[in-house]
1. Taking into account only those residues within region 70-88 that are of a type in the set (Asp, Glu) and out of contact with any Phe, Trp or Tyr (no Cβ under 9 Å at 6 or more places or on another chain), which is surrounded by the most Cβ atoms within 10 Å (Cβ to Cβ)?
2. Tell me which residues, restricted to region 62-119, are in contact with a Gly (Cβ under 7 Å, 6 or more places away or on another chain), within 13 Å of Ile45 (Cα to Cα) and of a type outside the set (D, E, K, R).
3. Here are the criteria: (1) part of a strand (DSSP E or B); (2) of a type in the set (A, V, I, L, M, F, W, C); (3) over 14 Å from the mean Cα position of the chain (by Cα). Tell me which single one Val82 does not satisfy.
4. Spot the failing condition for Glu72; the list is (1) out of contact with any Pro (no Cβ under 8 Å at 6 or more places or on another chain); (2) under 30 Å from Glu125 (Cα atoms); (3) in a strand (DSSP E or B), and only one is missed.
Amino acid sequence: MRSNPGNVALPTPPNDHRSASNDVPMETRRSREQSNDRSASSHHIEIEDGAFCVDSSTLGDLLHIHPADIPELMRKRAITTVCERGIDDHEGQFRLSFFYGNRRGRLSVDESGRILRRSVVDFGERPPVMHKPQS
């Protein structure tokens, strides 16, 4: 995968339905916005070589940060991610969650990369506590 500023890449999860991608180095790709395709970048995510490529302006809007700061924040692991594969009624869909400070931005996408839903939660003064599933 080429390394150009603009998009962040997340690996697709294995078939165990949930995969935290924090242990995988994040890469960047050229922004669709730079190619003057603003409408496509705001409603579509590229899926290439088993990775989701999210436009940094889309992610910046979700997390309220400047898009140019995103690659460095991801390298420093200040932005963390989780990618989940849908099952049953959500088969063929993925949920991409991004955490930064007290915010969680979430994108639900289909297999073609079309954004189906967006959501943002601001947890206020207390950041969320991540609980490990019990065995």
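1. Residues of region 70-88 that are of a type in the set (Asp, Glu), as a first pass: 72, 84, 88.
Still in the running and out of contact with any Phe, Trp or Tyr (no Cβ under 9 Å at 6 or more places or on another chain): 72, 88.
Details: Glu72: 12, Asp88: 5.
Checked region 70-88; the qualifying residue surrounded by the most Cβ atoms within 10 Å (Cβ to Cβ) is Glu72.
2. Gln93, Phe94
3. (3)
4. (3)
Computed from the coordinates by the stated procedures, all read-outs in this text should not be read as laboratory data. On a predicted model such as this, the values are computed, not experimentally measured, just so you know. Every residue, glycine among them, receives a Cβ derived from its backbone with ideal geometry; neighbour counts consider all protein chains shown.
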